[in-house]
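*Asks:* Once you've had a glance at the structure underneath, I'll fire off some questions.
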Amino acid sequence: MQRFHALVLGALAMAAIEAQAQAPAPDLAAGKARAEQICAACHGANGVSVGPAIPNLAGQKAAYLAAQLRDFRSGARKNAIMNPIAAQIGPADAANIAAFYASLQGAARAADTSPMFPSLAMTKVKLPADYKRDFVHYTTVNYPERPQVRHLYANRTAVDAAKTTGMLPNGSVLIIEVYVPKLDANRKPVAGSDGNLVPDTLSFVTVMEKQPGWGADVPEILRNGDWLYGAYNPDRSMRAANQAECLACHKPLAADDYLFSLKPLREFAQKR
Ligand code: HEC
Ligand code: HEC
């Protein structure tokens with residue numbers, strides 16, 4: 001038993017040494033360039049992240065970072081934002097980026113980097129003034145456990161195009177109103193006669209809009225064609241939102257023109 005154990009450990013040690021011998025030395029400059037182009041939108045170019053739900057990478061061990069990228073890529077580690085990004089990062093790229101972030105000095109406690117990339121932090125999207133009048137409410141999504149109820153709206157351009165197959169044209173705009181639903185005496189959300197939760201107070205509004213050339217400044221790994229994103233408070237002011245997160249999470253829906261709700265939109269359009 002003792003002997004077997006030693007043999008196994010010996011084999012593992014050999015494998016580790018061989019792996020080291022085979023892996024080419026990481027290219028820090030290439031890693032830095034990739035990090036600045038893509039990862040910086042959330043993790044900061046200096047590895048200090050832009051928000052509380054995004055981990056700092058500066059000073060983290062390179063092997064750990066590379067392992068996380070591999071697990072996000074395979075889906076062994078699940079995250080709606082990192083999975084589609086890591087799916088586009090190959091092992092050599094991952095090793096370079098990991099080595100770059102590992103080479104940086106760790107962050108001071110509670111430090112945040114302000115979002116960079118003007119093209120990502122800011123957006124060309126505006127909240128359409130009269131969307132309640134000009135857009136149609138095509139579907140409702142209920143999240144009883146949050147609790148939230150979401151009303152999805154589309155403009156004319158999007159609805160007309162959704163009658164046929166094919167992608168939505170430039171000028172398409174989609175909007176979500178996110179509401180806190182009405183609660184009963186037991187603080188359970190109340191459903192209306194159509195089965196949907198009854199909206200009470202508006203929390204915020206999100207918008208996606210497609211216009212010619214709008215995606216041109218977005219790095220390919222995040223790019224959603226020519227769609228850009230915006231978020232707004234109930235008083236219509238801009239809401240602090242990192243557009244890179246919108247792009248990353250919608251990215252896997254490329255075959256549906258980056259829409260989660262293309263199917264209900266088509267069903268709605270075809271019935272009209
Ligand atoms: C749109 C925002 C966004 C972008 C862009 C982004 N990340 Fe992330 N990343 C996240 C979030 C959010 C998490 C936390 C995921 C979780 O909770 O599991 C994360 C987690 C990670 C982790 C795990 C860290 C840990 O401590 O376990 C690694 C490694 C990582 N990202 C690397 C990268 C690299 C490399 C890039 C660029 C190729 C990148 N990320 C781009 C948002 C982003
Ligand atoms: C964690 C993943 C995720 C992130 C991040 C995300 N979305 Fe979405 N988005 C969804 C899902 C899922 C739907 C489908 C409707 C629903 O469940 O609310 C959706 C739907 C939408 C729609 C309606 C059209 C469609 O695709 O079905 C708009 C508009 C939208 N999101 C805007 C945004 C904006 C703006 C941001 C960034 C501020 C954002 N989204 C970030 C997951 C995400």
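Values in this text are rule-based calculations from the coordinates and carry no lab data. Model, not experiment: these values are computed from the prediction. Note that each Cβ is placed from the backbone with ideal geometry, even for glycine, and that neighbours are counted across all protein chains shown.
*Asks:* Once amide H atoms are placed 1.01 Å from N in the peptide plane, what residues at a sequence separation of 5 or more from D27, or on another chain, have their amide H within under 5 Å of its amide H?
*Replies:* Hits under the 5 Å cutoff: N96.
*Asks:* Follow-up question, since we're still on this one. Sort 138-144, 157-163 for me by packing, meaning the mean count of neighbouring Cβ atoms within 10 Å per residue, highest on top.
*Replies:* Output ranking for 138-144, 157-163: 157-163, 138-144.
*Asks:* With Cβ to Cβ distances under 15 Å as the rule, what net charge do the other residues near A30 carry (K, R +1; D, E -1)?
*Replies:* Taking every other residue near A30 into account, the sum is -1.
*Asks:* Run down the lysines and flag those whose C-alpha is under 21 Å from the C-alpha of K61, throwing out any fewer than 8 positions away in its chain.
*Replies:* K32, K78
*Asks:* A follow-up question, please. Go through 53-64, 187-198, 84-95 and give me the packing order, highest mean Cβ count within 10 Å leading.
*Replies:* 84-95, 53-64, 187-198
*Asks:* Ignoring the sites themselves, what is the longest stretch of the chain with no GluC sites (Glu not before Pro) in a DSSP loop and at most 14 other beta-carbon atoms within 10 Å?
*Replies:* Longest stretch, sites excluded: 1-144.
*Asks:* Would you mind classifying region 121-271 by shape? Square roots of the alpha carbon gyration tensor eigenvalues, ordered a ≥ b ≥ c; an a/c under 1.5 is rounded, otherwise it is prolate if a/b is larger than b/c and oblate if not.
*Replies:* Judged from the Cα gyration tensor, region 121-271 comes out prolate (a/c at least 1.5, a/b above b/c).
*Asks:* Which of the three applies to the chain, rounded, prolate or oblate, going by the alpha-carbon gyration tensor with a ≥ b ≥ c and a/c under 1.5 meaning rounded?
*Replies:* Here the chain falls in the prolate category.
*Asks:* Let me ask something additional. Place a +1 charge on the Cβ of each Lys and Arg in region 121-271 and a -1 charge on the Cβ of each Asp and Glu, then give the dipole magnitude about the Cα centre in debye, rounded to the nearest 20.
*Replies:* Magnitude of the dipole: close to 200 debye.
*Asks:* For every other residue with a beta carbon closer than 14 angstrom to the beta carbon of A95, add +1 if it is Lys or Arg and -1 if Asp or Glu, then tell me the sum.
*Replies:* Counting the neighbours of A95, the net charge comes to +3.
*Asks:* Could you give the angle, 0 to 90 degrees to the nearest 10, between helix 62-74's Cα long axis and the longest principal axis of the Cα atoms of the chain?
*Replies:* 50 degrees
*Asks:* Rounded, prolate or oblate: pick one for region 38-129, where a ≥ b ≥ c are the square roots of the eigenvalues of its C-alpha gyration tensor, a/c under 1.5 means rounded, and failing that, prolate if a/b is larger than b/c, else oblate.
*Replies:* oblate
*Asks:* Percent relative contact order of region 167-229, based on C-alpha pairs within less than 8 angstrom and at least six residues apart?
*Replies:* Relative CO of region 167-229 lands at 34 percent.
*Asks:* May I ask for the net charge around P144, where only other residues with Cβ less than 15 Å from the Cβ of P144 are counted and Lys, Arg are +1 while Asp, Glu are -1?
*Replies:* Residues near P144 contribute +1 overall.
*Asks:* While we're looking at this one, here's another question. Could you pull out every one of the lysines with an alpha carbon less than 29 Å from that of K182, ignoring same-chain neighbours closer than 8 positions?
*Replies:* Straight-distance partners of K182: K126, K132, K263.
*Asks:* With everything on Cα atoms, drop me the angle between helix 2-22 and the longest principal axis of the chain, reported from 0 to 90° to the nearest 10.
*Replies:* 70 degrees
*Asks:* I'd like the FRET efficiency for L202 and F260, computed as 1/(1 + (r/R0)^6) with the beta carbon distance as r and R0 of 25 Å, rounded to 0.05.
*Replies:* E between L202 and F260, to the nearest 0.05, is 0.75.
*Asks:* To the nearest 10 degrees, how steeply does helix 262-271 sit against the main Cα axis of the chain, on a 0 to 90 scale?
*Replies:* Between the helix axis and the principal axis of the chain, the angle is about 20 degrees.
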